[in-house]
Amino acid sequence: MKTVKTSNEIIKNMTLKEKIGQMTQLPPYLFIHDSEATIYGALRNLNLDKSQTFNAGSILGIGSPDEMIKLQKLYMENSTHNVPLMFMADVIHGYKTIFPVPIALASSFNFDIARVAARVSAKESYLSGIQVVFSPMCDLSRDPRWGRVVEGFGEDVYLTGEMAKAMVEGYTNYGKLGEDSVACCIKHFAGYGAAEGGRDYNTVDLSRLSLYRDYLPAYKKALDAGADLVMTSFNTLDGVPAVVNAFLLKHVLRDKWKSKALTIADYDALNQVIEHGAAKDQVEAAIKGIKAGLDIEMASSVYMNKLENLIKTNQVLESQIDEVVGRILDLKIKLNLFDNPYSGVNPEKEKAVCLSEEHLKYSKECAIESTVLLENNGVLPFNNNTKIALLGPFSKSRAFNGPWSWKGKDDVNSSLEEVLKNQLVFVSDKTKFNDFTEDELTRIKNADVCLVTLGEEAHLSGEAHSRSDISLPNDQDEFFESIKMIARKTVVLVFGGRPLLLSKVKKADALMMCWFLGSKSSEAIYDLLMGIENPSGKLPMSFPRNVGQIPIYYNYLHTGRAYVEGSNNPFVSKYLDVENTPLYPFGYGLSYAKFQYGNLSLSKKELTENDTLKISITVKNESNLVGKEVIQLYIRDYVADIVRPVKELKKIQKVLFMPQESKRIDFELGLDDLSYFDSEGNLCIESGEFSVMVGSSSESYIKEDFMFLLNNGKE
Ligand code: BGC
C-alpha cells in the first residue's frame, strides 16, 4: 500500500489553477467524445481549453466500467498533477438492477428495504467505477403535481428522514467507504419540493418555521447518517438562489449543523444565478458562490473561468479555496483514490454482479413491500382457476423501471402478460373501448375478472415533468368505466410516479397502487395478485380527491375555525364543493389479512423531560393468512407557543404476523420526539397535554392522553 499524503501536503504542490479545477465537475464527453453516458439538460458553452478540462476534479455520469478506466487513464496522463478524478452519477433507485422508485420504496414503510436497495445499488455502482451517488433525494413534498415526488419519500418529515437515513447507511455500508460502497450526495438543499404550484424549478417561498419543522430535518438526518456531499437546489429561498444562499450553506449547514459535507451545485445552477437575476455576470456569480459556501460547481465553468482573477485581485482569498480543496481531497483520500485511481472498478465482476439472481431477488422483495392495496371487496387474491382478461396500456409493457433508471433496461423485465399467461383468457393493450370488436367484448364479458392496467407512463413524472392535472391520462377513467359496465369484476392496477386522482377507479372491486416497481415489477405483482404474497405497503402521500385540494397532507395545523364533521356552522375552514379529507390518507393501505388493534397503554400519565414514555398496544392478525402490518405512532401537542400539527408521525414498526397471531408492540418516546422547532431552528417544548395515537393509518388509530411537565410542572 502506498503512503498517502494528507490533503494539506497535496495542496502544497498544486498550482492555483489546479486547485480551482478541483471545484468543477464536468461530463465525460468533454474528455472522450464517444461516451455512452447520457447527460440531461443543455450544457452551456463552457469555454474551457484542454488544460482547464484536465484540471476538473470530478465527473458527472459515466457510461460503463471500461469508460471509467479509459477516462481516468487519459486524465492521469494529461493532467499536470497527480490527483485522480472522482466519479459521481445519478444512481437513484438502482444501477442495473432497478428497485422501486423512491416514492414506492417509501410506501414499504420499511427502512430495511430501503437500506437493502441502496446496498445493492452501491455494490453495482462501485464495480462500474462510480464512487459517489446523487441520492437520496431528501426533498419533502406536499404537492403531487411536482414531477419529482417520484424521487422522494412523500409528505412526512419522519418517514422522509428515516428513509433517507436508511439509504445513506446502505450506500455507504455505515461509513465503510472504499470496500464495496459509495459515498452519498444528498439533494436538493433546500426546500425544492415546495415549488409553487408544483411546477418544477419554480419559486419557493417558505416560512422559516416550515423550513425547520418540515423541510430541513431529513437532510440533517441523512448527514448525521454519513452523507459526504450536499447538492443545492434550483429554487430560490427568501429570494436568494439556493446555490448561493449563505443562510442555507453557511448558517444552517456549517454553523448550526457543524457539517463539513461538500456542497455541490445542481446542473449549471451557478451559471443560472445570472438568469435568476441575482448576479449580473459570472464574476458576481463566482463571488457569491464562494461567499455563500458553494464548494463545487456542476456542468458550468464559472469558477474555472473567473476565480483565478478574483484571487489575484484579492476579491476572494486563496485560503478560502484551499479550505474547500482540502475537503475535496479528503473525500478522494477516504475513497482510496490516491491509493488506486481505479478503486472498485472491475468490468468482469461488474458483468457478473449486476443483475445477479441475488440482486433481482432483493429487487422483487422490495417491489412486494412497496405496493399499496387501496381497495378490495374480496376479489383478491385470485386463485389458480381465475380466468383473467388483461387490459389497458400496461398489459404488454415491460417499462416498469420508472424515471431515473438510466442503466436499467426494460428487456430485463417481464410483462404482466408474460407472468400471468396461464390465467389469461384475453389480453389487449387497446386504450379506447370503441376499438374492441364484438368478439373481443364477448371474451372480456366472459372473463371472471378484468385486470385493468392504468396510470402514467414513466415520462410523465420526474424532473421537469410537472402536471397541472393529475387525473389518469388519456381518458383512462372513461375506459375503465366502460369496461366496468360489462365486466363481471374489475381489478385496477395503477402505475405512476405520483399520487393520482383515483375517485373513478376507486369503484373497482380491487385497486392497487403499483408505482414503478423496477426490474421485478411484474413478478412481484403476480405474487400479490395470486396471494403468494400479502400486500403491506402504505401511502407516503395523501391522495387528493381533486387538484383544488392540493396541498393536502395529514399533518396540517388546526385553524381557529376548524371544520368539525356534522357541524352546520358555515364559518369554518372548508370547501363548498369537496370534503376536507383526502381520497386516501397518509399511512393508508390494506392487507389480505385483518389486523385488530386494542389495549393501548402508556407507562406514565405524567412525563418530565428526563423520562421515557413506554407505549404498548396489542395487534392481532384475525385472519388465517400470514401478513405484515405497519403500526404507526402519532402524537399531538395540544397547546404550545406555536400551533402544532394535528398529528405527527413519530415511530413506525413493520411487523410480521402469523395467522391468528397476537403481539404486544412496544414503542418509546423521549423528549426529542415531543419537542418542536421554532422559526429559529431551536428545539422547544412546554408543559401541557399530549395525545399518542397508534394505529394502521393517519386516520385509523386508538388514542390515549398524557401530560408533559417541564421542570416537574414548575415552568
Ligand atoms: C438534477 C439532479 C441531478 C443532476 C445531475 C439535475 O438536473 O436536478 O437531481 O443529480 O441533474 O444529473
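The values are calculated or read from the model by the stated rules, or taken from the named source; none is laboratory data. As the structure is a prediction and not an experimental result, all values here were calculated from the model. Note that each Cβ is placed from the backbone with ideal geometry, even for glycine, and that neighbours are counted across all protein chains shown.
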task = Using the structure shown, decide if Val240 is crowded, with 24+ Cβ neighbours inside 10 Å, at pLDDT 95 or above and either more than 15 Å from the ligand (Cβ to nearest atom) or of a type outside the set (Asp, Glu) (or both).
result = no
query = Does any residue in the stretch 82-95 that is closer than 16 Å to Lys407 by Cα come within less than 9 Å, Cβ to Cβ, of a residue that is within 16 Å of the ligand (Cβ to nearest atom) and acidic (Asp, Glu) six or more places away or on a different chain, and which pairs are these?
reply = Ile92/Glu151; His93/Glu151
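Go through the stretch 142-160 and give me each residue that's small (Gly, Ala, Ser) and away from the ligand (no atom under 14 Å from the Cβ).
Residue satisfying the conditions is Gly154 alone.
It is to be established whether one or more residues within the stretch 90-108 are at pLDDT 95 or above, in a helix (DSSP H, G or I), surrounded by fewer than 24 Cβ atoms within 10 Å (Cβ to Cβ) and away from the ligand (no atom under 16 Å from the Cβ).
no
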Segments classed as helices (runs of 4 or more DSSP H), wholly inside the stretch 254-327, with at least 1 members that are within 16 Å of the ligand (Cβ to nearest atom) and crowded, with 21+ Cβ neighbours inside 10 Å = 269-276
task = Of the numbered conditions (1) within 16 Å of the ligand (Cβ to nearest atom); (2) without any contact (Cβ under 8 Å) to a residue 60 or more places away in the chain; (3) under 23 Å from Phe111 (Cα atoms), Val182 fails exactly one; give the number of that condition.
result = (2)
key: Lone qualifier among Leu625, Leu600 - being farther than 24 Å from Ser542 by Cβ and not in a strand (DSSP E or B)   = Leu625
ask   = Name the residues in the stretch 73-110 that are among the hydroxyl-bearing types (Ser, Thr, Tyr), in contact with a strand residue (DSSP E or B) (Cβ under 9 Å, 6 or more places away or on another chain) and within 20 Å of Gly129 (Cα to Cα), would you?
value = Tyr75, Tyr95
query = Is it the case that some residue within the stretch 207-226 is within 16 Å of the ligand (Cβ to nearest atom), free of Cβ contacts under 8 Å to residues at least 60 places away in the same chain and touching a strand residue (DSSP E or B) at 6+ places or on another chain (Cβ under 8 Å)?
reply = no
ask   = So is Ser135 buried (at least 24 other Cβ atoms within 10 Å of the Cβ) and more than 12 Å from the chain's Cα centre (by Cα) or not?
value = no
inquiry  = Looking at the stretch 127-141 only, could you name the residues that are away from the ligand (no atom under 14 Å from the Cβ) and outside any loop (DSSP other than H, G, I, E, B)?
reply    = Leu127
ask   = Taking the stretch 468-498 on its own, how many of its residues are within 20 Å of Ser107 (Cβ to Cβ) and more than 16 Å from the ligand (Cβ to nearest atom)?
value = 9
